[in-house]
Amino acid sequence: MWKIVLLAALAVVAALELSAPARHEMHPTRAIEPVQFHRGVNILGYDPLWTNPQKARFQARHFTDIRNGGFDFVRVNLFVFRHLDAQNRIDPKWLKRLDWVVANATKAGLGVILDEHDFGTCSNDVATCRVKLPAVWRQLSQRYRSQPPTVAFELLNEPHGRLDSETWNAMIPGLLSIVRATNPTRTVIIGPTHWYSLSDLPALSLPPNDRNITVTFHYYGPYRFTHQGASWSKLKDLRGVTWGSRSDREGLRDNFDKVGAWARNERRPILLGEFGTYDKGGTPIAMRADYIGAVACEAGRHGFGWAYWQFDGNFIVWDMSRDTWVRPIKDALINRRPSTTAC
Ligand code: BGC
């Protein structure tokens, strides 16, 4: 008798297994998660390291601080165009510095995203971009082809302006084929136009057969809150914009739900590659931390990886002068328990 019961039980288990949907479909509110990149921070975009290593603010030990702080990857912001010669060859000295970054981050146990950050030139001068961006990726993909899968390539930060969706979509296959020639399965990160706006996700066109693409977006909404006081944002004189009301939180959730729905439909993993609030605009740090924690939580709730903008410089999560974390920001990012229902 017990044998019959056991067989029946096994049959039920087998039937359940067979009818079980794919993993991502079992969590109807979550997208497919990016493989290597969960909790990260943007680094080195504006550090003297690239031009004068003696003056570098960022040191090798910071990779360990980042890893021990609970992050698992860094997004390295690279302005490669200014290090190209007349034949568009990358300066070998600059490449050595990048080798150092990749090696030390990897040694510290961090994933590395090489983010081509020449969004200004590319968006103003498409003709130059069409020549320089492929030249950069031909060289970087060749050089880093043997790196572990924890290293990913991000084709171009925040296309905007003249790089509209038609122009950007037309450039993607060419750039991808350059990378794929030497890196057939490496994670490549690509985002939509209008500064990686989530509203432009539906206009992003990707080769359906390439399943090693992670789609990225940036989130600084509401911009008047996150960028108040920031000179480059035209909000230099703005002060006193608050965040935290019920409708603020609903707005955040609705926006992330839209990205989640798009991702599930397209079956693409998502990376929120930048978010944060300007640190010198007079916004109380507790309010900034509340916002930052809520955004990280929304990303976690949807299964998106995220990278905070940024480690050092402005918006900081690390205080170079005190040589330690900016606690409220760091705690908002790392120590906040992700909620499965609301943030
Ligand atoms: C830019 C930075 C800017 C940040 C927030 C980044 O993509 O590279 O210059 O501070 O966005 O506005």
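Do you know which of the residues in region 83-127 that are free of Cβ contacts under 8 Å to residues at least 12 places away in the same chain and within 17 Å of residue 171 (Cβ to Cβ) is nearest to the ligand (Cβ to nearest atom)? Filtering region 83-127 for residues that are free of Cβ contacts under 8 Å to residues at least 12 places away in the same chain and within 17 Å of residue 171 (Cβ to Cβ), the one nearest to the ligand (Cβ to nearest atom) comes out as 120. Scanning region 297-322 for residues that are of a type in the set (Gly, Ala, Ser), over 12 Å from the mean Cα position of the chain (by Cα) and in a helix (DSSP H, G or I) returns a single hit, 300. Residues of region 255-271 include at least one that is within 16 Å of the ligand (Cβ to nearest atom), touching a residue at least 60 places away in the same chain (Cβ under 8 Å) and buried (at least 21 other Cβ atoms within 10 Å of the Cβ). With respect to the conditions (1) touching a Pro at 6+ places or on another chain (Cβ under 7 Å); (2) more than 16 Å from the ligand (Cβ to nearest atom), residue 303 lacks only one, and its number is (1). Taking region 46-80, which residues are within 16 Å of the ligand (Cβ to nearest atom) and hydroxyl-bearing (Ser, Thr, Tyr)? Within region 46-80, just 46 meets the criteria. Listed by position, the helices (runs of 4 or more DSSP H) contained in region 150-243 that have at least 1 residues being away from the ligand (no atom under 16 Å from the Cβ) and over 19 Å from the mean Cα position of the chain (by Cα) are 165-182. Looking at region 122-136, which of the residues that are charged (D, E, K, R) and either part of a helix (DSSP H, G or I) or touching an Asp or Glu at 6+ places or on another chain (Cβ under 9 Å) (or both) is surrounded by the most Cβ atoms within 10 Å (Cβ to Cβ)? So the residue we want is 132.
Which residue out of 312, 279 is surrounded by 17 or more Cβ atoms within 10 Å (Cβ to Cβ), among the charged types (D, E, K, R) and touching a strand residue (DSSP E or B) at 6+ places or on another chain (Cβ under 7 Å)? So that I can check it myself, show each step before the final result.
Details: 279 fails: touching a strand residue (DSSP E or B) at 6+ places or on another chain (Cβ under 7 Å).
Going through 312, 279 in turn, the sole match is 312.
The numbers here are math on the coordinates, done by the rules we state, and not lab data. Values in this document were obtained by computation on a predicted structure and should not be read as measured data. As a convention, Cβ positions derive from the backbone with ideal geometry for all residues, glycine included, and neighbour counts pool all protein chains shown.
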